[in-house]
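Data first, discussion second: the structure below is written as structure tokens.
What follows draws every value from the coordinates through simple rules; no lab data is involved. The model shown is predicted, which means the values in this text are computed figures rather than measured ones. Glycine also receives a Cβ, built like all others from the backbone with ideal geometry; neighbour counts cover every protein chain displayed.
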Amino acid sequence: MATVQGTEKNFEQTLKQGIVLLRDGVLLLRQPGMVPASAIDELVRQVRALDMNQVRRHLDEVARASGAADDGAETPSKGDGR
């Protein structure tokens with residue numbers, strides 16, 4: 001399985017037991033604790049079935065919406081007269 005450079009060290013420091021699923025450099029799941037083999041098999045099946053272009057579009061939309069919300073919170077309203 002391919003790894004993203006530097007990712008192993010990041011997770012090694014914070015996740016001692018559990019599962020981390022990455023695909024095409026995108027973190028899809030970080031689950032602490034024991035995970036049964038049957039659940040891992042199902043997770044791998046679901047990850048393989050993902051349309052990663054759709055996942056990236058969704059992440060971009062969430063990031064834009066989050067950025068817009070942050071921008072709105074920092075910008076005074078136009079009608080406050082200041």
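How many nm separate the modelled label positions at Asn53 and Leu29, each set 7 Å beyond the Cα in the direction of the Cβ?
2.5
Which peptide among 23-36, 48-61 comes first, and what is the full order, when sorted by highest mean count of other Cβ atoms within 10 Å?
Details: 23-36: 12.4, 48-61: 10.7.
Taking the mean over residues of other Cβ atoms within 10 Å, the ranking is 23-36, 48-61.
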